[in-house]
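This report concerns only the one structure given below.
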Amino acid sequence: MSSAHSAVPTAGSVPSPTSPASSSPAVASPTITELLDFVRRTARDEALIASLPLDPEGRTWIRLDGPGGSEAWLIGWPPGTGTGWHDHADSIGAFTTAAGALKEHSLAVRLPTDGWKTLELTDGVDRSRELAAGQGRAFGQNHVHEVLNESEDVHAVSVHAYYPPLPRIRRFSRTGAVLRLEQTESPEDWQ
């Protein structure tokens, strides 16, 4: 992510719930259901949604406090923007559209976690869903998708949560059935 509105912590700045550096008692890791409940509840906070500065050309975001030490974001999507194909490594996650509409394209296949650069996808692995305001979804580890605001004139806003906080993001390019690993980013790359 690159925006004037980013507030990304440095690696290790968010102690794990059981970390000795943490002064609070151990907290149970949030479940996928708890992450989905959090993003849905947060997406209904009209004052928070209205507080997000919207840029006509690039995505904007605000870091939020997620449940149980999770990483959470409020993200603004100008018309015609998207993420490109990516995954969230070993993190589980959830997101909900708070305003406008988003489209998610995903792959219903588990990819190898390491050791490959190019894969040929089989027929029938592509999934697409429209997520209007109030609609969201949760996903498990290594979920590969892209999220888009296909509107020509309306911003979209969404809430996202991940646990554990994102250790890395793999970015992919796709041509037909061929998926190619292009880059692996770590939290240091998002600053």
Assuming a ≥ b ≥ c are the square roots of the Cα gyration tensor eigenvalues, decide whether the range 61-191 counts as rounded (a/c under 1.5), prolate (otherwise, with a/b larger than b/c) or oblate. oblate
For the range 84-125, list residues with backbone N below 15 Å from a point placed 7 Å from the Cα of Gln183 toward its Cβ? 84-87
From the square roots a ≥ b ≥ c of the eigenvalues of the alpha-carbon gyration tensor of the range 37-94, which class results: rounded (a/c under 1.5), prolate (a/b over b/c), or oblate? oblate
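With every protein chain kept in place and ligands, DNA and RNA left out, what is the accessible area per residue of the range 62-154? Probe 1.4 Å, answer in Å².
I get 42 Å² per residue for this part.
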So, how do all the Cα-to-Cα distances of the range 136-191 break down into 10 Å bins, in percent, from 0 on up? 16, 41, 38, 5
Just in the range 90-145: which chymotrypsin sites (Phe, Trp or Tyr not before Pro) are loop by DSSP and have at most 16 other Cβ atoms within 10 Å? Trp116
Placing +1 at every Lys and Arg Cβ and -1 at every Asp and Glu Cβ, with all other atoms neutral, what dipole size does the range 54-191 have around its Cα centre, in debye to the nearest 20? 300
By per-residue mean of other Cβ atoms within 10 Å, what is the highest-first order of 141-151, 102-112? 141-151, 102-112
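The values are calculated or read from the model by the stated rules, or taken from the named source; none is laboratory data. Please read all numbers here as calculations on a predicted model, not as lab measurements. In this analysis, Cβ positions are derived from the backbone assuming ideal geometry, glycine residues included, and neighbour counts consider all displayed protein chains. Remember, those area values only see protein heavy atoms, side chains included, never the ligands or the DNA or RNA. Shrake-Rupley method; radii C 1.70, N 1.55, O 1.52, S 1.80 Å.
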